[in-house]
Amino acid sequence: MVEPEVRNVYSSGGSTYVAYTKNGDHLLVAGSSGLIRNYKVGAEDSEPNNIDILDEISDLAVFGDDKVAVSSKIGEVELYSLKDNKAVGKVIRSSLPLRSTVFTHIGTMVAAAGDDDEVQIADLSDNTRVIKLKVNDQVHDISYNSTIDLISISLSNGEIKMYSLTSEEPQLLTTITVSYTHLRAHETRRHLVC
């Protein structure tokens, strides 16, 4: 059996983020060192294209085959072009760390959130248009459903909030409260408490 080659892409420590472009032709690898390495799938032995990015990244989002958004612990989201291998510009700023970012509306907008109890949704064609959505705790993760124009966020308190983005202002549809199952000792037997 042939052992696969193991390559150390980043040796500076910290988290490493990976994402494929939509067509699957490129694998993007980003680390806390402030660099995206753009590997051509099937040609991993060749040198990747490198793009300088924000330091202390916290998430990596890809739309299509060209757009990349990176959120950072320094409170910024910056947009990058894979075609041009360079930054397009900062699209979201926060005074606290941002933890998650995602493209919405067919890649015309980007959403990000983190420690400041707020979700920001920026219009990429008009950098003055940013929708701000207050939430009741820090945000860990964001996901977008393009089929029904829905954004879901997970909060530090365990809640999942789902918002419709079909109108100018996001509309809260539902909140899911996550309850964790735990074991409780009762006399000599154990009961599962939900």
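The values are calculated or read from the model by the stated rules, or taken from the named source; none is laboratory data. All values derive from a computational prediction rather than experimental measurement. Cβ coordinates were reconstructed from backbone atoms using ideal geometry, including for glycine residues, and neighbour counts include every protein chain displayed. Just the protein is used for accessible areas: all its heavy atoms, side chains included, with ligands, DNA and RNA removed. Shrake-Rupley method; radii C 1.70, N 1.55, O 1.52, S 1.80 Å.
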field: Among residues of region 135-152, those that are farther than 13 Å from VAL178 by Cβ, buried (at least 16 other Cβ atoms within 10 Å of the Cβ) and under 15 Å from the mean Cα position of the chain (by Cα), counted
entry: 5
task: Return the total of residues in region 49-102 being closer than 18 Å to LEU35 by Cβ and among the aromatic types (Phe, Trp, Tyr).
output: 1
- request: State which residue pairs qualify: first residue within 10 Å of LEU60 (Cβ to Cβ) and inside region 15-28, second residue open to solvent by less than 80 Å² (accessible area, probe 1.4 Å) and acidic (Asp, Glu) in any location, beta carbons under 7 Å apart, and separation of 6 or more residues or different chains.
  value: TYR17/ASP59
query: Looking only at region 77-92, which residues are under 16 Å from GLY64 (Cβ atoms) and either among the hydroxyl-bearing types (Ser, Thr, Tyr) or touching a Phe, Trp or Tyr at 6+ places or on another chain (Cβ under 9 Å) (or both)?
result: TYR80, SER81, VAL88
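Regarding GLU56, is this residue within 15 Å of the chain's Cα centre (by Cα), of a type in the set (D, E, K, R) and either surrounded by 17 or more Cβ atoms within 10 Å (Cβ to Cβ) or closer than 18 Å to SER164 by Cα (or both)? Explain how you work it out, then say what you get.
Details: within 15 Å of the chain's Cα centre (by Cα): yes; of a type in the set (D, E, K, R): yes; either surrounded by 17 or more Cβ atoms within 10 Å (Cβ to Cβ) or closer than 18 Å to SER164 by Cα (or both): no.
Judged against the criteria, GLU56 is not a match.
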- prompt: Are any residues in region 153-167 farther than 13 Å from ALA111 by Cα and over 17 Å from the mean Cα position of the chain (by Cα), and if so, which ones?
  reply: ASN157, GLY158, GLU159, SER164, THR166, SER167
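Criterion first (modelled with pLDDT under 95 and at negative phi) does SER152 satisfy it?
Criteria not met by SER152.
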Residue match in region 173-186 (condition: at pLDDT 95 or above and open to solvent by 80 Å² or more (accessible area, probe 1.4 Å)): yes
